Amino acid sequence: MSGFDDRDGKIWMDGKLVEWRDAKVHVLTHALHYASSVFEGERCYDGKIFLSRKHSERLLKSGELIDMEIPWTVDQIEEAKRAVLDANGLTNAYVRPIAWRGVGEDMGVASARNPVRLAVAAWEWGNYYGDAKMKGAKLDIAKWKRPSPETIPTAAKAAGLYMICTISKHAAEAKGCSDAMFLDYRGYVAEATGANIFFVKGGEVHTPLPDAILNGLTRQTVIGMLNDRGITVHERHIMPDELADFEQCWLTGSAAEVTPVGQIGDYMFEVGALCREMSEAYEKLVRA
C-alpha cells in the first residue's frame, strides 16, 4: 500500500483544490517545530458528514484556545469539505480539516507574524479498530496521564496534545492491544488515545466527567441517545479499581464510532446487549 503522500486525488489548501501529491509545506513550517496546529476528524456517510457544522465550529474554537485565529468562516470550511468530497468522488469517507501556523517571519516559539493555513483532505477508511466492532477491543493502561487543564487547553483538539497518545498507542500495539486507556493527572479514568469511554453496571451507564479531557461530539451524541432511551447516565470521576465491577464497556469517537471493549489491562468486559444496541443505533443515526 502506498503512503498517504502518494495517492491520486485532490486536497483543499488555502482556498483551492490542489493535486494530492502537491499538497506540501516547507520544512520550517512553525507547526512542524512547535505543534501549533488544530484539526478535526469527521466521517461522511452516504454523502453527508455527520455533525459537520459542529466539527467546523470546534475547529475554530480550538484555534482560539491555542491563540491562533483561523481566517476562514464555518461556511467556508463547510464549502471546502464538500469540494473535497466531490472532487474525489467520495460519499463514504473520513474527512480531515487541519489548520496550522505556517512558515513566515517567526521561527522561535512566538509565531504571531506567521500566516495561519488551512487544508482539508478526505479518504476512504474502514473500522478504526478493525474487527473489534464485533469481538471487543483490547486496551492497555497507559503509563502516561492526561494533564491538568491548568497546564494545557484540554478543550482544544490540538496536535500537541496527542504526543502521549502516539507513544501510548505504540506501546499498546506492541503488547497486542488495539489502544490504551489513560488515567488523568488525579488518577481518575480519563479516555483512550483518540476516543471517550463508557461503562455499564446494573443497567446504568458511567462515563468520566470531561473536566480534563475533550468532550467529544460522538460522546455527546451517545449520551443523548442514552437519555432518549431513559437510561441513567452518570458523568462522574471514576477510579481505576471500579473497572472490576463494570459489566460492559465501549469507546466513542468520530473515527471509533461506537466500539465495544472486551478487555482493559486485566479487567474483562462482556460485549453485551446495551453495547451492541448503542453501536447499531449509532450506525443508523449517522445515516438517517
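The values are calculated or read from the model by the stated rules, or taken from the named source; none is laboratory data. Just so you know, these numbers come straight off a predicted model, no measurement behind them. Methodologically, a virtual Cβ is constructed for each residue, glycine included, from the backbone with ideal geometry; neighbour enumeration extends over all protein chains shown. Surface areas here come from the heavy atoms of the whole protein model, side chains and all, with no ligands, DNA or RNA. Shrake-Rupley method; radii C 1.70, N 1.55, O 1.52, S 1.80 Å.
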Mind checking the per residue accessible area of the stretch 1-120 for me, 1.4 Å probe, whole number of Å²?
52
Taking the inverse of the average 1/r across all pairs of different Cα atoms in the stretch 36-98, what Kirkwood radius in Å do you get?
11.9
In terms of the Cα gyration tensor, with a ≥ b ≥ c the square roots of its eigenvalues, is the stretch 92-134 rounded because a/c is under 1.5, prolate because a/b exceeds b/c, or oblate?
prolate
Whole-percent carbon and sulfur contribution to the accessible surface of the chain (1.4 Å, no ligands, DNA or RNA) stands at 52
I want to check the label-to-label distance for residue 5 and residue 83. Put each point 7 Å from Cα in the C-beta direction and report it in nm to one decimal.
2.5
Each residue of the stretch 197-209 in order: what ³J(HN,Hα) in whole Hz does its phi give by Karplus 6.51 cos²θ - 1.76 cosθ + 1.60, θ = phi - 60°, with x for Gly and Pro?
10, 10, 10, 10, 8, x, x, 10, 10, 10, 8, x, 5
Could you give the semi-axes, largest first, of the ellipsoid that matches the stretch 138-194, computed as the square roots of 5 times the alpha carbon gyration tensor eigenvalues and rounded to whole Å?
20, 12, 8
Using Cα-only point scatterers and the Debye equation, what is log10 of I(q)/I(0) for the stretch 232-288 at each q in 0.19 Å⁻¹, rounded to two decimals?
-0.76
Test of understanding: in a Gaussian network model of the chain with alpha carbons linked when under 10 Å, which of 232, 221, 193 would top the mean-square fluctuation ranking?
232
By the gyration tensor of its Cα atoms, with a ≥ b ≥ c the square roots of the eigenvalues, what is the shape of the stretch 191-288: rounded for a/c under 1.5, prolate for a/b over b/c, or oblate?
rounded
Give me Rg/Rg_expected for the stretch 129-251, where Rg uses Cα atoms only and Rg_expected = 2.2 N^0.38 Å with N residues.
1.03
Length gained if residue 270 through residue 231 is fully extended, taking 0.36 nm per residue and subtracting the Cα-Cα distance, is 12.2 nm
Accessible area of the stretch 161-288 divided out per residue, in Å², using a probe of 1.4 angstrom
40
Per DSSP, loop trypsin sites (Lys or Arg not before Pro) in the stretch 1-106 with at most 11 further Cβ within 10 Å
24
Could the peptides 201-210, 156-165 be put in order, highest first, of the mean number of other beta-carbon atoms found within 10 Å of their residues?
156-165, 201-210
Hydrodynamic radius by Kirkwood, which averages 1/r over all alpha carbon pairs of the chain, in angstrom:
19.9
For the stretch 85-158, count all C-alpha to C-alpha pairs, find those more than 17 Å apart, and express that count as a whole percent of the total.
72
